[in-house]
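The values are calculated or read from the model by the stated rules, or taken from the named source; none is laboratory data. These numbers were taken from a predicted model, which means no experiment stands behind them. Glycine also receives a Cβ, built like all others from the backbone with ideal geometry; neighbour counts cover every protein chain displayed. Just so you know, the surface numbers come from the protein's heavy atoms only, side chains and all, with ligands and any DNA or RNA stripped out. Shrake-Rupley method; radii C 1.70, N 1.55, O 1.52, S 1.80 Å.
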Amino acid sequence: MSIFTKIGETWRQLKQKPAGKVLLNKYFIVGAFFLVWICFFDTNNVWQMLRSRATIRSQRRQIEFYKREISQMDRKLEQLQSVRDTLETFAREEYYYHMDDEDVYVIE
C-alpha cells in the first residue's frame, strides 16, 4: 500500500462522519482560509488592531494628564495675578529673586 492510498482511505472515512462532512465542505474551507488571512496576514490584522488600541489608550491618558496640568497652571496663574504678595513669594521660591540687600542661600 502506498502512502496515497492510505491518505485516500483516511479521506473517505473522514467524509463519512458528520464532523468530516462539515470540515471538508468547500465553503467551510474557504471561510476558514478567509478568517485566517484576515486575522494574521492582512495589513489590518488582529495584532495591528491591538497595537492601535494600546496607542490610543496611552494617548488618551496623556491628554488627561496634560488637561490636569493646564488646569493647575491656570489656577496658579490666576492666583499669581490676583495678589501681589503671592507673586513676590512665587518669584522668590521658584527663581530665587532677592532684594539688593539680601543674600540667598540655596540648599538642596
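Tabulated data
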read-out: Within the accessible area of the chain (1.4 Å probe), percent carbon and sulfur; value: 60 percent
read-out: 5 angstrom amide H check on residue 45, placed H, neighbours 5+ away; value: none
read-out: Scaled radius of gyration (Cα, divided by 2.2 N^0.38 Å) that the chain gives; value: 2.73
read-out: Solvent-accessible surface (1.4 angstrom probe) belonging to residue 76, in square angstrom, nearest 10; value: 90 Å²
read-out: Count of Lys pairs (Cα-Cα under 28 Å; at least 8 positions apart or interchain) in the chain; value: 7
read-out: Neighbourhood charge, 14 Å Cβ-Cβ cut-off, centred on residue 79 and excluding it, Lys, Arg +1 and Asp, Glu -1; value: -3
read-out: Per residue value of the accessible surface for the chain (all protein chains in place, 1.4 Å probe), Å²; value: 98 Å²
